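Here is the structure we will look at.
Derivation of every value follows stated rules applied to the coordinates shown; laboratory data play no part. Worth saying up front: this structure is predicted, and the values here are computed from it rather than measured. Glycine also receives a Cβ, built like all others from the backbone with ideal geometry; neighbour counts cover every protein chain displayed.
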C-alpha cells in the first residue's frame, strides 16, 4: 500500500483500519506527545471504535483524502485512539467536549495544546460545509490560524478547562456526616417511590423505553422496574419493564434472523438501529431478560435469551471460550446491508408460506426502511396462528424453518467486520450473564461455558510477573493496566459464578480482586474508587465515574460487591463503605434516576434488606443451582455439603445428614427448613 503510518505496529482493529491513511497518525504515547512539544504544534486527538459508522464515514471523506491529510500533517501532531482500548482517555476527552459544546459522540475529535491540554473539539465534521456545520478543512485552518496568532489565549483557555475538569471530578465526602442518622432513615421507601415516579415520568407508554429517539436499552432502569415490581407488587413498574423488553425483542434493534441486539434505535419504535452489535449490550440485556423470565415465566424472554447466546457463541466466541468486542454496523460500505432484505431477496429464500412469513417479519415491496426491510415482528406467534387459522405449533415450526433458511442465505453475504479485541470487562459482563442464565434456566452447559470463560480470563489477563491485571488482549498480547470497570465487573462475575457453582475458589478470587482494587484504586477518603490504578502514568486526570453510561458505573458495581462480600466474609467495614458510597450520592440518584439506575437498585435493596441463604447437606450444590431458578434478587447465597467454619454464615452450623435450608439476617438464622417448597415460601413471604 502507498501509505503506512505509526499505527501499523498496533493490535487494535480500529487503529489498524487507519494504518494506511495518508494522515501521519500516532498512537497515544510519549513519542507523539514529545514531538508536539519539540515542534511546538497543537495535537489533534481523534477517538473512535471499530464498529462506529460515522467514524468510517469521516475516514472515507477526510482521513483518506490526500489534500486533507496534508493540512493535518503540516499543522498538527495527529493521534488516533481506540476508545475501547483506552476508555480512560475517552472519558476525559468526552468530558472536555461536553464542557465545551454540551454535546458528545463518536468520532470524537479534540484539539490539544502542545502540552496535551484540550481547548476545542467536536464529533463528525463533513468534508464540505453542510447545513451550518463547518467543514473539516475549514476547521483545521481556523484552529491552525488561531493557535499561531492567539496561542497564549488558547493556552489559558486550555488551562482553565483542565482545572475545571479536575474539580468536576471531585466528590464531596462531607455528606458522610448524615451517616449519624438511624440506618432506616438513610434510605427510605419514599425515596424508592420517588425514583419510580421519575422513571415512569419519562417512560414511552406506547413504544416502551424512555424518552424520545434515539432510544437506548437502559437495562439498569428496566432492572429497577422489575425489582420494584417484585418487592412492592407494583403492576405499573412490571408493565413498563415488560413493554420495553418486548418492544425491543420484537423490533428491528433485535436481529430477528440471527439473534442478538444492536446498539440502539434511531427511532422511537425500535425499528431502525445503528447496526453495530456490542458484547456489553447483549450481556446486559441477557441479564435483565433473565430476571423478567424468572418473574413472568414468559417463554418469549427465554427464546430471545437463547437466540442471543447462540449468536454470541456462533459469531463472537473464540475457540478458547473468550468473547470479541463488537461487530461493525457496515458491510460493503453500507450501514445495515448485511441485515436487511428486499422483498425479492426474501421471496427467493422463502418458497413456502411466503405470505404468512412476510407478514410476520414485516417484509414488503415498498420496504419499512430506506426502500428495503429490517425484519421485525408485528404479531406474536399466537396472533399469527389465529390470523392464518393454523395451530401455534405449526406457526412456530414455519418461523423456525424460515429463520434457519434466511440465516443460511445471509451467511453467504459479505459480513461486517469483527472487532476481535478481547476485553477483560466485556468478558466479565458476559460471564455474569452466563451465570445468571444458567441458574434461571437451570442449564448446566451454560454454567460450564461460564467456568471455561473464567479460566481464560485468569490465564490471559493477569500478569503473574508484574502482578497486575491487564485490560485488553489480541494477537497473543495482553496490554494496558486494567481499569476500574474491568475489575468491578470481574469481581461481580466471580460472585455470580460462585453462587451458580458453589465452588469456593470463585468466592476467594472475588475477594482477591477486591483486595487489588483497595490497594491500587482507592481514593484519598477511602470511599470511592478511581477509574485508573495509582501506578498508571499516562493518564491525564484520575477520574471517579459515578453515573451509568452504556455500561454500569464501576463504582456502583463495587458498592454492590462490597455489600455482598461484607456478608460472605464477615467484614462490616465493607458494608459501611458501600453505605457511604450510596449515601453521598443519594440526592442525585433520587433526582436523576435514569442516569444512576444501578445505584437506584442498590438503594432499593437497602430498603428491603439483603437475605442470607445457606444450604447444607448432601447434594447442596445441585440444590442451590435449582433454587436459583426462582427470583429473589436481594440475597447472598452459600451452599456446601459440610460447613466451613472460616465463613461466618456457616459458623456454628453442624454437618447435616439431609439437605437443610437456612434463611438468615446478620448471621442470625431462622429454624432450618428441610424442603425446597417450604423454603421458597419463606423466601417470598
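Before moving on, here are some points about what is shown:
- Shape annotation for segment 481-588: C-alpha extents along the principal axes are 41, 32, 27 Å, from largest to smallest.
- Shape index of segment 113-250: Rg/Rh, with Rg the Cα radius of gyration and Rh the Kirkwood radius from the inverse mean 1/r over Cα pairs, equals 1.18.
- log10 of Debye I(q)/I(0), alpha-carbon scatterers only, for segment 343-412 at 0.12, 0.16 Å⁻¹: -0.30, -0.53
- Rounded D (µm²/s) - segment 177-302, Kirkwood Rh over Cα pairs, Stokes-Einstein at 37 °C, 0.692 mPa s: 213
- Alpha carbon centroid spacing (whole Å) that separates segment 428-447 from segment 124-152: 50
- A helix-only calculation puts the chain at -15000 deg cm²/dmol for mean residue ellipticity at 222 nm, using -39500 (n - 2.57) for each DSSP H run of at least four residues, averaged over all residues.
- Projecting label points 7 angstrom from Cα along Cα→Cβ for residue 619 and residue 475 puts them 5.3 nm apart.
- Kirkwood hydrodynamic radius of the chain, from inverse mean 1/r over distinct Cα pairs, in Å: 26.8
- Radius of gyration over Kirkwood radius for segment 194-243, both on Cα atoms: the Rg/Rh ratio is 0.94.
- Radius, Kirkwood style, for segment 612-684 when every pair of distinct Cα atoms is counted (Å): 12.1
- If the convex hull is drawn through the Cα atoms of segment 6-168, its volume per residue in Å³: 107
- Protection proxy ranking of 350-357, 282-289, 210-217 - average other beta-carbon atoms within 10 Å, highest first: 282-289, 210-217, 350-357
- Linear extension gain, residue 534 paired with residue 459, 0.36 nm per residue minus alpha-carbon span: 24.6 nm
- Distance between segment 319-338 and segment 517-585 - C-alpha centres, whole angstrom: 33
- Taken over the Cα atoms of segment 79-156, the convex hull encloses 106 Å³ per residue.
- Gain in span if fully extended, residue 159 to residue 74, counting 0.36 nm per residue against the direct Cα distance: 28.1 nm
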